[in-house]
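We did not get these values from a lab; they are worked out from the coordinates using the rules stated. Predicted model only: the values in this text are computed from it and were never measured. Please note: Cβ atoms are built from the backbone with ideal geometry, for glycine as well, and neighbour counts cover all protein chains shown.
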Amino acid sequence: MKLSHRITHLTPSGSDGWEIFYKARALKAAGHDITELTIGEHDIRTHPSILGAMNTAALGGHTGYAMVPGIAELRAAVAARIEARTAVPTTADNIMITPGGQSALFASHHAVLDEGDVALFVDPYYATYPGTIRGVGGVPKSVPAYPENGFQPQAADIAAVAEGAKSLLINTPNNPTGAVYTRETLEAIAQTCRDHDLWLISDEVYDTQLWAGEHISPRALDGMAERTLVVGSMSKSHAMTGSRVGWICGPEAVIAHLINLATHTTYGVPGYIQEAALFALGEGAALEDEVSAPFKRRRAITERVLAGQNVVKASPIQGAMYAMLDVRATGLSGEAFAHELLETHHIATMPGESFGKAGAGHVRVAMTIEDERYAGALETLIAFASTKAGVSA
Ligand code: PLP
């Protein structure tokens with residue numbers, strides 16, 4: 001039996017960029033002590049108070065079908081959170097609750113792309129972006145964001161591919177680069193979207209992990225609320241990755257169609273999970289700061305450990321839970337560097353090349369392990385790079 005082109009071509013054949021991850025897991029299974037700096041997930045678990053709220057809601061009967069767009073209180077709480085942060089008038093009708101940010105990314109592209117439409121995304125990119133676009137019949141096309149520009153996409157590079165495209169997907173704070181887009185970058189992106197009549201899909205799942213600059217939601221820029229779909233999630237902000245709860249914020253008319261899509265796909269998010277998310281949002285910034293604190297500390301550790309040497313350079317870590325390390329001084333590709341580092345020192349990092357062409361010669365380090373071990377792994381990485389570069393560490 002023949003399967004659809006759409007599903008068999010979701011991801012291109014050949015390398016999926018995660019070989020290092022699988023290799024590290026195989027070494028681990030064989031009994032080796034592997035330091036994993038690969039996965040974007042907290043080393044703390046969901047806060048017990050959130051689990052308590054989940055438990056109370058489940059025992060209180062919230063285990064049946066929940067409202068497909070999300071429970072009214074959670075939609076209102078997300079709307080209030082967004083309005084407070086952006087000053088853009090936002091009501092529950094602008095919000096649909098989704099099973100995590102990934103499903104919101106899929107639904108958003110589903111809403112704006114017809115079969116064969118070109119959808120832009122920024123390279124380096126979060127692993128699922130091109131597949132998400134292909135999954136709704138779109139044609140992914142990348143816009144490079146180079147390390148020389150702090151991984152900020154440039155207006156000219158976007159304009160060069162914008163003609164005839166339908167949408168642009170951006171992510172700030174950014175995975176994998178740790179860049180936070182400046183107002184200038186976002187104004188240029190907004191201008192390009194207006195000039196070329198593009199939908200903007202703004203992935204803001206790391207909006208609580210901000211270490212430098214300011215987080216600006218492009219929906220707040222002139223004339224953008226009507227053409228922007230914001231993707232949000234409780235995964236990163238509240239260490240609720242396994243709960244699968246996020247949202248889309250957009251124009252009411254788009255949300256109405258998205259609710260129809262949800263009725264025919266996810267059928268919403270479990271009520272007890274939504275009650276837990278509502279409780280978590282009610283805890284305000286204090287809980288968000290507690291969840292993001294380990295990454296803030298490890299960002300400082302990264303800067304301290306990297307200081308005083310010139311072989312490994314970190315791109316400015318302005319947000320999110322990653323450091324993008326430039327290892328070009330070793331003469332190795334990010335891929336060769338990551339493989340050798342894993343084989344010789346049992347430290348697993350993600351090659352920059354797994355995130356696209358613009359990340360070449362880099363490795364991404366997830367700051368997701370305990371502080372001391374993290375610092376030690378970075379020191380080993382630098383010593384390894386120094387040997388490769390022929391420099392004494
Ligand atoms: N967007 C980005 C940039 C991510 O890094 C991730 C997860 O790592 C997601 C979206 C999806 O997150 P979730 O579906 O858990 O909300």
The condition from (1) within 16 Å of the ligand (Cβ to nearest atom); (2) surrounded by fewer than 21 Cβ atoms within 10 Å (Cβ to Cβ); (3) in a strand (DSSP E or B); (4) of a type outside the set (Phe, Trp, Tyr) that Lys141 misses is numbered (1)
Go through region 163-185 and give me each residue that's assigned to a loop (DSSP other than H, G, I, E, B) and over 19 Å from Val112 (Cβ atoms). Thr172, Pro173, Asn174, Asn175, Pro176, Thr177, Gly178, Ala179, Val180, Tyr181, Thr182
Output the qualifying pairs, or none if there are none: Cβ atoms under 6 angstrom, residues six or more apart or on different chains, first residue in region 198-209 and more than 12 Å from Val230 (Cβ to Cβ), second residue among the polar types (S, T, N, Q) and within 13 Å of the ligand (Cβ to nearest atom). Thr208/Ser237
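Listed here are the residues, each with its yes/no results for (1) of a type in the set (Ser, Thr, Tyr); (2) closer than 20 Å to Arg81 by Cβ; (3) outside any helix (DSSP H, G or I).
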| residue | (1), (2), (3) |
| --- | --- |
| Glu187 | no, no, no |
| Thr192 | yes, no, no |
| Arg219 | no, yes, no |
| Glu226 | no, no, no |
| Ser235 | yes, yes, no |
| Gly242 | no, no, no |
| Val254 | no, yes, no |
Considering (1) β-branched (Val, Ile, Thr); (2) within 23 Å of Ala253 (Cβ to Cβ); (3) surrounded by fewer than 19 Cβ atoms within 10 Å (Cβ to Cβ), say which one Thr128 fails and leave the rest. (2)
By residue number, the members of region 206-242 that are within 9 Å of the ligand (Cβ to nearest atom) and surrounded by 24 or more Cβ atoms within 10 Å (Cβ to Cβ) are Tyr206, Val231, Gly232, Ser233, Met234, Lys236, Met240
For residues in region 175-184 being among the hydroxyl-bearing types (Ser, Thr, Tyr) and within 16 Å of the ligand (Cβ to nearest atom), which is surrounded by the most Cβ atoms within 10 Å (Cβ to Cβ)? Thr177
Taking Ala188 and the conditions (1) in contact (Cβ under 8 Å) with a residue 40 or more places away in the chain; (2) under 23 Å from Phe355 (Cβ atoms); (3) surrounded by fewer than 22 Cβ atoms within 10 Å (Cβ to Cβ), which numbered condition does it fall short on, given that it satisfies the others? (1)
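Would a scan of region 283-297 turn up a residue that is of a type in the set (Gly, Ala, Ser), within 16 Å of the ligand (Cβ to nearest atom) and part of a helix (DSSP H, G or I)?
Filtering region 283-297 for residues of a type in the set (Gly, Ala, Ser) gives 284-286, 292-293.
The next check asks that each one be within 16 Å of the ligand (Cβ to nearest atom); those that pass are 292.
So of that shortlist, the ones also part of a helix (DSSP H, G or I) come out as 292.
Looking for residues that are of a type in the set (Gly, Ala, Ser), within 16 Å of the ligand (Cβ to nearest atom) and part of a helix (DSSP H, G or I), one finds at least one in region 283-297, hence yes.
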Filter region 67-90 for residues that are away from the ligand (no atom under 16 Å from the Cβ) and not hydrophobic (A, V, I, L, M, F, W, C); the one that is surrounded by the fewest Cβ atoms within 10 Å (Cβ to Cβ) is Pro89
Residues (aliphatic (A, V, I, L, M), buried (at least 19 other Cβ atoms within 10 Å of the Cβ) and away from the ligand (no atom under 16 Å from the Cβ)) located in region 144-174: Ile158, Ala162, Ala165
Just the residues that are of a type outside the set (Val, Ile, Thr) and assigned to a strand (DSSP E or B), please, taken from region 331-367. Ala348, Met350, Pro351, His362, Arg364, Ala366
For region 91-134, which positions are in a strand (DSSP E or B) and within 10 Å of the ligand (Cβ to nearest atom)? Thr98
